[in-house]
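To start, the structure itself, in C-alpha cells.
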C-alpha cells in the first residue's frame, strides 16, 4: 500500500471514529414530542453513512428549519450526530468564444453555418443562435468535427422558437441549443427551414454549462376551490398540500386547454384566508398552431412552507380557462448519519425551543463518501410518553384583572379632586371679602 493510501485510510478511520463518538448537546428525552423509528437497510456494517429522507409528517411536526431534529440511540438514549442535507440544483455557465463562417441557405431546405472555437480544446455544450427574426419555430441539428471534413452528429432534434404578439408586448423566445459536452474545434449548425423563409442569422455565442442536478420532493396538491371574480375578471384556484411545513419552490400546472396566454399571480397561506404574495406578473401559455407549438406552465417561487397556494389568472377580456390541476415541488431534505451494528435508532422531533445542533460531522463530510448512500426509511410516528407541555406562563396581574387599572385611576381622580376641593375652600375662606 502506498504512503498516500495509508494516510487516506487512516484519515477515514479517524473521521469515522469521531462520528461514532458520543455527543453532548441539548437533548433531553422529555422535551421532544414525537419519535419515528429509523429502519436501517440490511447489509449496513457500521463503516459508512446512511441517508434518511424526511417525510411530510416530520415536516409538519417539526419546528421551522428542522432545528429540533435529533437522532437517538433507542438502547441507551444517547444522541447521535447527523448532517441535514438540502438538495439544491446548481448551474455554472461560462462563455466560449466562437467565430462564424460558411453561412448560407438552400431554398426549401435549410440554413447552415460553421462555428470555430477561438481556443481549441475548450469544453462546450450549448450554442445560442442570434437572430432578429420573429414568430418562428425551427428544428436544429448540431455536428462536430476535428478537421472540417468528417462530421459527427451531437444533436439532431433540437428546437428554437420565437412567439411575439407586438401589439400586446408579448415575446417568448428560446434560441439556445444544448448538446453533449464536446471539445471539438468546429461545430456545424443546420437550421431546417422546410417551406418557411430562412431566418436572419446575426451570429452565435457558445457556452459550457455545468448542471448539478438536485433531487426534488413532489407534494400532491388537491384543488379545494375555484372562484371567479367577475368584476375584476380574475379566476382563483386554491391548492391544498394537506399540511404545514412542506418545503416548496415550484408549482407545475396541468391543463388540456391550448392556445392561451395569461398573466398570473401566486400567493401562499397557512389558513386559507390570509395570503402572502409569492409571484406576481408571471406568464403561462400553451400554443399549438402551424407556426408555434409549446407551453410554459411552471411557476417558480422562493422557498416556502405554506399549506395553501392560490393561483390567480388575470383573464382581461378573454373567457376563463378550463379548470386545471397542479403539483407542488420542493428540494429534498435528508439526514445522513453513521449507524452502529446492532443499534436501533429513532428520530426525535417536536420541540420548538430546540436550537440547530452543531456536530463535527459537518467538517468531516468532505473526507467521506456521501454519494449513493444506503437509504434508511422512517417508520410511523409515536408520541413520546415522557413529554409534557411546558407550563403556560402566567399572565401579568394587570392582564388577569384588566378592570383594576381603570378603577384605580378613577378612584385616584376622585381622591385628588376631593383634596383640591378642600384646599380651594380653605383658601377661599382666608381671602378678604371682595370690595363693594
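For segment 180-199, how many residues meet the condition of being surrounded by fewer than 12 Cβ atoms within 10 Å (Cβ to Cβ) and not in a strand (DSSP E or B)? Quick ask: steps written out before the conclusion?
Keep residues of segment 180-199 that are surrounded by fewer than 12 Cβ atoms within 10 Å (Cβ to Cβ), which gives 180, 194-195, 197.
Next, only the ones that are not in a strand (DSSP E or B) stay: 194-195, 197.
Matching residues across segment 180-199 total 3.
Among the residues of segment 168-176, are any surrounded by fewer than 13 Cβ atoms within 10 Å (Cβ to Cβ), at pLDDT 95 or above, part of a strand (DSSP E or B) and touching a strand residue (DSSP E or B) at 6+ places or on another chain (Cβ under 9 Å)?
No, because not a single residue in segment 168-176 is surrounded by fewer than 13 Cβ atoms within 10 Å (Cβ to Cβ), at pLDDT 95 or above, part of a strand (DSSP E or B) and touching a strand residue (DSSP E or B) at 6+ places or on another chain (Cβ under 9 Å).
What about residue 147, is it farther than 15 Å from residue 113 by Cα, out of contact with any strand residue (DSSP E or B) (no Cβ under 9 Å at 6 or more places or on another chain), surrounded by fewer than 17 Cβ atoms within 10 Å (Cβ to Cβ) and assigned by TED's automatic domain parsing to the domain that holds residue 202?
no
Can you spot a residue in segment 111-130 that is assigned to a strand (DSSP E or B) and under 30 Å from residue 218 (Cβ atoms)?
yes
Select from segment 79-93 the residues that are modelled with pLDDT under 90 and not in a strand (DSSP E or B) and write down the one among them that is surrounded by the most Cβ atoms within 10 Å (Cβ to Cβ).
Per the stated criteria, the residue is 87.
Per-residue answers, yes or no, for (1) surrounded by 20 or more Cβ atoms within 10 Å (Cβ to Cβ); (2) touching a residue at least 12 places away in the same chain (Cβ under 8 Å); (3) in a strand (DSSP E or B); (4) on the phi > 0 side of the Ramachandran plot:
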| residue | (1), (2), (3), (4) |
| --- | --- |
| 38 | yes, yes, yes, no |
| 42 | no, no, no, no |
| 48 | no, yes, no, no |
| 65 | no, yes, no, yes |
| 72 | yes, yes, yes, no |
| 75 | no, yes, no, no |
| 95 | no, yes, yes, no |
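How many residues are closer than 21 Å to residue 246 by Cα, outside any strand (DSSP E or B) and touching a strand residue (DSSP E or B) at 6+ places or on another chain (Cβ under 6 Å) if we restrict to segment 332-386?
3
Being at pLDDT below 95, assigned by TED's automatic domain parsing to the domain that holds residue 310 and touching a strand residue (DSSP E or B) at 6+ places or on another chain (Cβ under 8 Å): is that true of residue 293 here? Full working, then the answer.
Numbers: at pLDDT below 95: yes; assigned by TED's automatic domain parsing to the domain that holds residue 310: yes; touching a strand residue (DSSP E or B) at 6+ places or on another chain (Cβ under 8 Å): yes.
Considered against the rule, which asks whether it is at pLDDT below 95, assigned by TED's automatic domain parsing to the domain that holds residue 310 and touching a strand residue (DSSP E or B) at 6+ places or on another chain (Cβ under 8 Å), residue 293 comes out as yes.
What single numbered condition from (1) surrounded by fewer than 13 Cβ atoms within 10 Å (Cβ to Cβ); (2) under 15 Å from residue 181 (Cα atoms) fails to hold for residue 99?
(2)
Do you know which residues across segment 269-289 are exposed (fewer than 14 other Cβ atoms within 10 Å of the Cβ) and not in a strand (DSSP E or B)?
Listed by number, the residues that qualify are 271, 273, 274, 289.
If you take the residues of segment 290-300 that are surrounded by fewer than 19 Cβ atoms within 10 Å (Cβ to Cβ), in contact (Cβ under 8 Å) with a residue 40 or more places away in the chain and part of a strand (DSSP E or B), which of them is nearest to the chain's Cα centre (by Cα)?
Residues of segment 290-300 that are surrounded by fewer than 19 Cβ atoms within 10 Å (Cβ to Cβ), as a first pass: 290-298, 300.
Then drop every residue that is not in contact (Cβ under 8 Å) with a residue 40 or more places away in the chain, which leaves 291-294, 296-298, 300.
Right, trim to part of a strand (DSSP E or B) and you get 293-294, 296, 298, 300.
Numbers: 293: 29, 294: 25, 296: 18, 298: 13, 300: 8 Å.
Filtering first and then ranking leaves 300.
In segment 112-127, which residue that is in contact (Cβ under 8 Å) with a residue 24 or more places away in the chain and more than 15 Å from residue 181 (Cα to Cα) is surrounded by the most Cβ atoms within 10 Å (Cβ to Cβ)?
The qualifying residue surrounded by the most Cβ atoms within 10 Å (Cβ to Cβ) is 115.
Filter segment 302-324 down to the residues that are assigned to a strand (DSSP E or B) and under 20 Å from the mean Cα position of the chain (by Cα) and list them by number.
302, 303, 304, 308, 309, 310, 311 - these are the residues of segment 302-324 that are assigned to a strand (DSSP E or B) and under 20 Å from the mean Cα position of the chain (by Cα).
Determine whether residue 216 is closer than 30 Å to residue 176 by Cα and either at pLDDT 95 or above or touching a strand residue (DSSP E or B) at 6+ places or on another chain (Cβ under 9 Å) (or both). Break it down stepwise before answering.
Details: closer than 30 Å to residue 176 by Cα: yes; either at pLDDT 95 or above or touching a strand residue (DSSP E or B) at 6+ places or on another chain (Cβ under 9 Å) (or both): yes.
Here the answer is yes, as residue 216 does meet what is asked.
Run down 329, 345, 285 and say which single residue is closer than 30 Å to residue 170 by Cβ and at pLDDT 95 or above.
Testing whether each residue is closer than 30 Å to residue 170 by Cβ and at pLDDT 95 or above leaves just 329.
So in segment 240-251, with the set limited to residues that are within 13 Å of the chain's Cα centre (by Cα) and assigned to a strand (DSSP E or B), which one is nearest to residue 229 (Cα to Cα)?
Among them, the one singled out is 251.
The values are calculated or read from the model by the stated rules, or taken from the named source; none is laboratory data. These numbers come from a predicted model, not from an experiment. As a convention, Cβ positions derive from the backbone with ideal geometry for all residues, glycine included, and neighbour counts pool all protein chains shown.
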